[in-house]
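As structure tokens, the structure follows; a few thoughts come after it.
The values are calculated or read from the model by the stated rules, or taken from the named source; none is laboratory data. Worth saying up front: this structure is predicted, and the values here are computed from it rather than measured. Positions of Cβ are generated from backbone atoms using ideal geometry, with glycine treated the same way; all protein chains shown enter the neighbour counts.
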Amino acid sequence: MRFVFGFGLVVSLAAIALSQGVTPAMLLKPPVDSWPTYHGDYTGKHHSAFTQITPANVGQLTQAWKFQTTAGVKSTPVLVNGVLYVSAPDNVWAVDARTGKELWRYTQPRSDAFYIGHRGVAVYKDMVYVTTPNAHLLALNASDGKVRWDVVIADSKKGYWSTNAPLVVGNHMLVGVSGDFDNLPGQLKSIDPDTGKTQWIFYSTPPAGVDTGTPSGGSTGGQMWMTGTYDPELNLVYVGTGNPTPVLNGVMRPGDNKWTCSIVALNPDTGKLAWGFQVSPHDTHDWDAAEVPVLVDANFNGTPRKMVMQASRNGYFFVLDRTNGKNLVTAPFASVNWSKGIDAEGHPIPNSDKEPQRDGRLVSPNESGATNYRSPSFDPQSGLFIVSAQDAYGLYFFKPEHGDYGWAGASPSVAGKGFIRAIDYQTGKIKWSHPIGDGAGTAGVLSTATGLTFTGDNSVNLLALRTSDGTTLWHSNVGRIGNSPITYMLDGKQYLLVGAGNSLVALAVP
Amino acid sequence: MRISIWIIATLLSAGQASQRPPQTVTPQTYTPEQIQAGQTRFSSQCGFCHGRDAAGGETGPDLTRSVLVAQDLRGDKISPIVKMGRQEKGMPAFDLGDADVSAIVAYIHDQKAKAEAHNGNRRNVEPSDLETGNADAGRQYFDGAGGCAKCHSATGDLAGIGTRFQGLALLQRMLYPTAGRPAPAPAKVTVKLKSDETVAGTLVSRDEFTITLKDDTGANRSWPVTDVTITMNDPLAVHFDQLGKYTDTDMHNVRAYLQTLR
């Protein structure tokens, strides 16, 4: 049973606006009055060319409107044709981006699947696509939120769930799932956005009896729960894969456990692996490499390169040549004590003394990681990769009695300190580090062409930092920022949009 | 140094494993040979629909979660279905001998037993797991290289700590004392105002813009940090720095030493 609340008049106006819908061509060159995908564009840079909000006038930013939801906003909204679509588990709200008024809400009763959060929706043609905690993919009418179809992505009874914001590439909708408490093969599905039919499945770890060509050493997991990025010239999708399972028991899964904790490049038409790069060989600390693989075209040591960059949960920043997966930079951006160095191909070498043990190991970073899923940004002017980072320590326990299924151990956190850090992509060196308070940050990062970086601290403040040196230029007590800020132009006005607590807050300069 | 009132529960929330399969009504055992033979038969005859691990395939259900399998005793319910099929559900009849069917039954029950045993949730740590440290070495580290004795005393503030905390709770309290009873000492802070007045108290919160302390009267007082000069004695900062210095051996030794302070 599903419930939809709508308001006839506004719905019909929105329906007219949406008649043109989202096309593959539009996603290749998003209009300024849109944020049509989870990352805003295919590169995942989370950087805007808009220049209306500047260091000189940022102090005049004021609230344009505020929209109250019934759950903490961790998702990144999508904006198409003047309508924002924002999600939480089992919920989607369509909100007028000019006024903050609700146009419709889709909600469904709580299932008995696993609830942790939700990343966001996808929009294609005149439909909004949302994953659910019980691992369904729903296609909703963008005009009124009514369910057009509902397909099962994975079996939630086995322990799968989904928080994923799907990625649309051509006529493919790429949908990922999660599942750390059971030994489940890692799968990314390509769904036909018109019909809901499965086009292909990429397995990061092989299911029983399936030969994927890459043995995983007995490991399952490697779930692709975060939205990937896409290079149309190379026709490759880049996705980060999650940690292996069993999570903390590394004894029963010897070797590297490919392709867990990796950046993989896939052909979106076939799901075939072009290349993979493992950022955490044989992970035993729950450090997903699901973080955004950011695509940057720039000089590297004086030579133009097509690169993919990731600040990974394991504490290392990676730069790869995205045509072939060859490593250009591996450097720590936060406290790490689990590796013995970097090998010739750029992979950190895990120190077996820091694998979980019966009496515990003090490991840095902790389970929540040196960073997590919230978006970093790449500022092309300064060449800085800006990311929410954490210097943190945790305890890791495993003994044979913990078994070889699911979590298989214990990993309590000890302490952490949060920072916004700017990394020079050519050297991996930290250019500046802005403290944001105890614990891991909960805000993503957005940079703009005027040299501004928007993010949040671990208190209740929205921050505008100077991108070049991290100095605070402005702040506002709007509530704890829980998502990644976005920006868009509507009617000639630049809006900044953040999730603060249970609210969506739009700001603009007068 | 910042004290945050936020607890990051985002990714640290308690886990929930898959929904438990129905419990087998009559427990039954099979020999490894039967199970092995059954795996081969099952894989070739049944795996295409039910998955090679019996956990479900493209068209056949997950047999480890089947109520019928839970109620089966040595094939009394499964065997007829294998031999007769279930035409209405699209399952064909299989012309197999009794030995082959028995082996398949053995494999299905073994897979089901494995599924029932699955508990993928986060696990507990027992106090006995942590009894690896050397208390004497821990005392030396405490009094010497670790610098713990600069602030703490085995006969003063830590007297009896080994009675109040054990195992992992003691280790966490030692590494970063933010929880448990008695409550750890809050940071002491002195704020000097532009008027040269000074206000002393304990830290309530501090971020980049505002500091709040509780003064001697118990009142909370706040100032913009740019308006005051702050002098803070935050014991937690010392503990945080120490996290980057401990070896695992030091850590276990100090915990063992503290456990002796009863």
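Please report, ordered by residue number, the strands (runs of 3 or more DSSP E) entirely within region A:211-307 with at least 2 residues that are of a type outside the set (D, E, K, R), at pLDDT 95 or above and under 19 Å from A:Trp200 (Cβ atoms).
Numbers: elements: A:229-231, A:236-240, A:262-266, A:273-278, A:294-300.
Output list reads A:229-231, A:236-240, A:262-266, A:273-278.
Only helices (runs of 4 or more DSSP H) wholly contained in region B:14-91 count here; list those with 3 or more residues that are within 28 Å of A:Pro246 (Cα to Cα).
Passing ranges, in order: B:32-45, B:47-50, B:67-71.
Filter region B:157-181 down to residues that are part of a loop (DSSP other than H, G, I, E, B), touching a helix residue (DSSP H, G or I) at 6+ places or on another chain (Cβ under 8 Å) and more than 11 Å from B:Gln259 (Cα to Cα), then give me how many there are. Lay out the reasoning, then the answer.
Step one: of region B:157-181, the residues part of a loop (DSSP other than H, G, I, E, B) are B:157-160, B:165-166, B:176-181.
Checking the rest, the ones that are also touching a helix residue (DSSP H, G or I) at 6+ places or on another chain (Cβ under 8 Å) come to B:158, B:165-166, B:176-181.
Narrowing the set further to residues that are more than 11 Å from B:Gln259 (Cα to Cα) leaves B:176-181.
Matching residues across region B:157-181 total 6.
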Would you mind finding the one in A:Asp112, A:Asp155, A:Asp144 that is out of contact with any Pro (no Cβ under 8 Å at 6 or more places or on another chain) and surrounded by fewer than 18 Cβ atoms within 10 Å (Cβ to Cβ)?
A:Asp112
Residue that is farthest from the other protein chains (Cβ to nearest Cβ), among those in region A:461-476 that are surrounded by fewer than 20 Cβ atoms within 10 Å (Cβ to Cβ) and in a loop (DSSP other than H, G, I, E, B)
A:Ser468
Taking region A:207-237 as the region of interest, how many residues are within 14 Å of another protein chain (Cβ to nearest Cβ), over 20 Å from A:Ala289 (Cβ atoms) and surrounded by fewer than 18 Cβ atoms within 10 Å (Cβ to Cβ)?
4
In region A:310-333, what count of residues is obtained for those that are under 25 Å from A:Thr245 (Cα atoms) and crowded, with 23+ Cβ neighbours inside 10 Å?
9
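So which residues in region A:101-153 are among the aromatic types (Phe, Trp, Tyr) and in contact with a Leu (Cβ under 7 Å, 6 or more places away or on another chain)?
Step one: list which residues in region A:101-153 are among the aromatic types (Phe, Trp, Tyr), which gives A:104, A:106, A:114-115, A:124, A:129, A:149.
Within region A:101-153, A:Tyr106, A:Tyr129 meet the criteria.
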Just wondering, is there one or more residues in region A:390-405 that are more than 8 Å from chain B (Cβ to nearest Cβ), assigned to a loop (DSSP other than H, G, I, E, B) and surrounded by fewer than 22 Cβ atoms within 10 Å (Cβ to Cβ)?
yes
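So that you can scan it fast, the table gives a plain yes or no per residue for (1) more than 14 Å from chain B (Cβ to nearest Cβ); (2) crowded, with 24+ Cβ neighbours inside 10 Å; (3) out of contact with any Pro (no Cβ under 8 Å at 6 or more places or on another chain):
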residue	(1), (2), (3)
A:Pro36	yes, no, no
A:Phe50	yes, no, yes
A:Asp90	yes, no, no
A:Thr107	yes, no, yes
A:Val128	yes, yes, yes
Only one residue in B:Arg262, B:Arg255 is of a type in the set (D, E, K, R), surrounded by 15 or more Cβ atoms within 10 Å (Cβ to Cβ) and closer than 19 Å to B:Thr163 by Cα. Which one?
B:Arg255
So which residues in region B:213-252 are within 14 Å of another protein chain (Cβ to nearest Cβ), surrounded by 17 or more Cβ atoms within 10 Å (Cβ to Cβ) and under 24 Å from A:Val460 (Cα atoms)?
B:Asp234, B:Leu236, B:Phe240
Set B:Leu236, B:Leu258: member being modelled with pLDDT under 95 and assigned to a helix (DSSP H, G or I):
B:Leu236
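Mind listing whichever residues of region B:124-143 are among the hydrophobic types (A, V, I, L, M, F, W, C), more than 9 Å from chain A (Cβ to nearest Cβ) and under 30 Å from A:Glu401 (Cα atoms)? Before the answer, list the steps.
Filtering region B:124-143 down to residues among the hydrophobic types (A, V, I, L, M, F, W, C) leaves B:125, B:130, B:135, B:137, B:142.
Those still in the list that are more than 9 Å from chain A (Cβ to nearest Cβ) too: B:135, B:137, B:142.
Selection gives B:Ala135, B:Ala137.
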Check region A:350-360 and report whether any residue there is over 19 Å from the mean Cα position of the chain (by Cα), under 28 Å from B:Thr249 (Cα atoms) and of a type in the set (Gly, Ala, Ser).
yes
For the structure I just gave you, tell me whether A:Ala344 is out of contact with any Gly (no Cβ under 9 Å at 6 or more places or on another chain), of a type outside the set (Phe, Trp, Tyr) and more than 12 Å from every other protein chain (Cβ to nearest Cβ).
yes
Has region A:419-433 got at least one residue that is facing chain B (nearest Cβ under 10 Å) and buried (at least 23 other Cβ atoms within 10 Å of the Cβ)?
no
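Out of A:Ala135, A:Ala122, A:Ala113, which single residue is small (Gly, Ala, Ser) and over 19 Å from the mean Cα position of the chain (by Cα)?
Numbers: A:Ala135 fails: over 19 Å from the mean Cα position of the chain (by Cα); A:Ala122 fails: over 19 Å from the mean Cα position of the chain (by Cα).
None of the other options fit; the residue is A:Ala113.
Check A:Phe67, A:Phe5, A:Phe50 and return the single one that is modelled with pLDDT of 95 or more, aromatic (Phe, Trp, Tyr) and farther than 30 Å from A:Tyr238 by Cα. Step through it out loud before you land on a result.
Values: A:Phe5 fails: modelled with pLDDT of 95 or more; A:Phe50 fails: farther than 30 Å from A:Tyr238 by Cα.
When all the criteria are applied, what remains is A:Phe67.
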For A:Val414, work out the one condition from (1) touching a Pro at 6+ places or on another chain (Cβ under 9 Å); (2) β-branched (Val, Ile, Thr); (3) facing chain B (nearest Cβ under 7 Å) it doesn't fulfil.
(1)
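Among what's in region A:309-344 and is under 15 Å from the mean Cα position of the chain (by Cα) and either part of a strand (DSSP E or B) or without any contact (Cβ under 8 Å) to a residue 40 or more places away in the chain (or both), pick the residue that is nearest to A:Tyr396 (Cα to Cα). Before the answer, list the steps.
Narrowing region A:309-344 to residues under 15 Å from the mean Cα position of the chain (by Cα): A:309-313.
With the extra rule that they be either part of a strand (DSSP E or B) or without any contact (Cβ under 8 Å) to a residue 40 or more places away in the chain (or both), the set shrinks to A:309-311.
Details: A:Met309: 28, A:Gln310: 25, A:Ala311: 22 Å.
The extreme case among them is A:Ala311.
Filter region B:92-109 for residues that are in a helix (DSSP H, G or I) and of a type in the set (Asp, Glu); which is surrounded by the most Cβ atoms within 10 Å (Cβ to Cβ)? Spell out the reasoning first.
First, pick out the residues of region B:92-109 that are in a helix (DSSP H, G or I): B:98-109.
Going one step further and asking which of them are of a type in the set (Asp, Glu), we end up with B:98, B:100.
Numbers: B:Asp98: 10, B:Asp100: 18.
In this case the residue turns out to be B:Asp100.
I'd like the full set of residues that are assigned to a loop (DSSP other than H, G, I, E, B) and at negative phi, limited to region A:371-389. Please lay out each step first, then the result.
Narrowing region A:371-389 to residues assigned to a loop (DSSP other than H, G, I, E, B): A:371-376, A:380-383.
A:Thr371, A:Asn372, A:Tyr373, A:Arg374, A:Ser375, A:Pro376, A:Pro380, A:Gln381, A:Ser382 - these are the residues of region A:371-389 that are assigned to a loop (DSSP other than H, G, I, E, B) and at negative phi.
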